[in-house]
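The values are calculated or read from the model by the stated rules, or taken from the named source; none is laboratory data. This is a predicted model, so every value here is computed, not measured. Note that each Cβ is placed from the backbone with ideal geometry, even for glycine, and that neighbours are counted across all protein chains shown. Please note that ligands, DNA and RNA were not included when accessible areas were found on the heavy atoms of the full protein model with its side chains. Shrake-Rupley method; radii C 1.70, N 1.55, O 1.52, S 1.80 Å.
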Protein chains: 4
Amino acid sequence: MTDSLRDLDRQLERFAKDRDWQQFHSPKNLASALVVEAGELLEHFQWLTEEQSRTLSPEKLEAVGAEVADVLLYLIQLTSAMGIDPIEAARAKLKLNEMKYPVELARGTSKKYDEL
Amino acid sequence: MTDSLRDLDRQLERFAKDRDWQQFHSPKNLASALVVEAGELLEHFQWLTEEQSRTLSPEKLEAVGAEVADVLLYLIQLTSAMGIDPIEAARAKLKLNEMKYPVELARGTSKKYDEL
Amino acid sequence: MTDSLRDLDRQLERFAKDRDWQQFHSPKNLASALVVEAGELLEHFQWLTEEQSRTLSPEKLEAVGAEVADVLLYLIQLTSAMGIDPIEAARAKLKLNEMKYPVELARGTSKKYDEL
Amino acid sequence: MTDSLRDLDRQLERFAKDRDWQQFHSPKNLASALVVEAGELLEHFQWLTEEQSRTLSPEKLEAVGAEVADVLLYLIQLTSAMGIDPIEAARAKLKLNEMKYPVELARGTSKKYDEL
């Protein structure tokens, strides 16, 4: 993990304990909440062109930031509940992706690895 | 940010550059990819009971870890593209949540803040 | 298709034309909107137990109905834009599922077809 | 409802009964499954431009059709389990949308109703 993520993890544990919310925080429920927040994040982009999405107004940027935060907060709670280190998992997946998407085959194409 | 997230950010930038993938990485597309991965994460829980979701097998745990990784990797790429610091955003959101969900009102209930 | 779906399709086409909204209705955008609405639908269940989800209050039922409607409306617009008949697609998929999930192997288990 | 949707509903009930799957089909779980399939639908579009999404190959169109089918099948099962008529819900929502998005205010803009 990292200090910042561990801090957030501790704060989130405290936050949930104070409100007697652990009863609602099964991994199943946390995974659902994460998808719901990811959808709220996408909602800000759904009618924008790709070009517009590259030049958001300050207000839009702030709104998107709040959804990013929600996704990260649930990701931390979910991984904490399951004893998963998200940083280690991400490192391992990036290594795996290097093998699934060798530069010679993947360059310039958005094809999925099983279509290369 | 944190060192680990910054490292992953740099590796992801390099990964995309090597494969000439920045053309596909508009914030709009990255937000879509994030939701898709969040869905793949949820898929591991969709037929499980909340109880079962608290006691996953090692294989299930590993599979879930891979999806957690995918979500985090897209979150890093998305925030990097938009100049958002996910840790700062999360800290700010947690503070806001303390106000939206005061302990006296929120304790023991899963009601949304506008229903308290 | 069916008459009701065709009626809704026509009404939706008229609705979008009146508001000069076809510019926003690429299949890519409609697919995004559909996921966003599906997330709003799931949000109503995220903190409920499976048992509670089987006995919703009239208010909750109405709110869920509104999200179901949103999902269906985008499904109709998406399939209309791509010349897909959702009923025919569903019939074909149900036939395929009978083969992917033979009763003898699938009975009583929630395993995915590639795990049977 | 419509005859076709009622037929599919009956077939799905039979399908689940034969496999002893009703135990997994709480509305909570069905809503999760619906989101997961909506994500698989979006996955086909995530790296495409809006333009490309308007001119899909026959193979892509068929793959998208299969995901559309999955979404519709879960929508039918979910509404059936909750006693909701999806067609009636859609009709009611379309009427409500006419009020939320009056042509004079909504024409040519993708702003949400609370931003008009």
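Note down the nm distance, to one decimal, between modelled labels 7 Å out along Cα→Cβ at C:R107 and at A:L116.
4.4 nm
Over all distinct alpha-carbon pairs, what is the Kirkwood Rh of region D:57-109 in angstrom?
13.8 Å is the Kirkwood radius here.
Projected onto the charge dipole of chain D (+1 at Lys/Arg Cβ, -1 at Asp/Glu Cβ, origin at the Cα centre), which of D:A66, D:A89, D:L8 gives the Cα projection farthest towards the positive end?
D:A89
Please give the per residue accessible area of the protein assembly as shown, computed with a probe of 1.4 Å over protein heavy atoms only, in Å².
Roughly 45 Å² per residue, with all protein chains present.
Considering only DSSP states other than H, G, I, E and B, which trypsin sites (Lys or Arg not before Pro) in region A:6-74 qualify as loop sites with at most 13 other Cβ atoms within 10 Å? Before the final figure, lay out the partial values.
Values: sites: A:R6, A:R10, A:R14, A:K17, A:R19, A:K28, A:R54, A:K60; in loops: A:R19, A:R54.
Answer by residue number: there is no such site.
So if I take the centroid of the Cα atoms in region D:1-27 and the same for region B:1-57, what is the distance between those two points in Å?
33 Å
Can you work out the Karplus-derived ³J(HN,Hα) for every residue in region A:2-13? Use 6.51 cos²θ - 1.76 cosθ + 1.60 with θ = phi - 60°, whole Hz, and x for glycine or proline.
Per residue, the Karplus-derived 3J(HN,Hα) values read 10, 4, 4, 5, 5, 4, 4, 4, 5, 4, 5, 4 Hz.
Against the longest alpha carbon principal axis of chain D, how many degrees, from 0 to 90 and to the nearest 10, is the axis of helix D:58-82 turned?
70 degrees
How much net charge surrounds B:F15 when only other residues with a Cβ under 13 Å from its Cβ are counted (Lys, Arg +1; Asp, Glu -1)?
On the way: positive: A:R91, A:K93, A:K95, A:K100, A:R107, B:R10, B:R14, B:K17, B:R19; negative: A:E98, B:D7, B:D9, B:E13, B:D18, B:D20.
Counting the neighbours of B:F15, the net charge comes to +3.
Taking each label point as 7 Å beyond Cα in the direction of the beta carbon, state the distances from D:D114 to the same residue in the other copies, shortest first, in nm.
0.4, 4.0, 4.1
With chain D rotated onto chain B, spot the residue of D whose Cβ lies nearest the axis and note the distance in whole Å.
For the rotation taking chain D to chain B, the closest Cβ gives D:G39, 1.
Just need the Rg to Rh number for chain D, please, alpha carbons only, Kirkwood Rh.
Expressed as Rg/Rh, it is 1.05.
To the nearest 20 debye, what is the magnitude of the charge dipole of chain B about its Cα centre, counting +1 on the Cβ of each Lys and Arg and -1 on the Cβ of each Asp and Glu?
420 debye
Using a 1.4 angstrom probe on heavy atoms only, work out the carbon and sulfur share of the accessible area of chain C in %.
Carbon and sulfur atoms account for 49 percent of the accessible area of chain C.
Let me check against my output: what whole-number percent is the relative contact order of chain B, with C-alpha pairs under 8 Å and at least 6 apart?
With pairs under 8 Å counted, the relative contact order is 36 percent.
Distances from A:A16 to the same residue in each other copy, label points 7 Å out along Cα→Cβ, in nm, shortest first?
2.9, 3.1, 4.1
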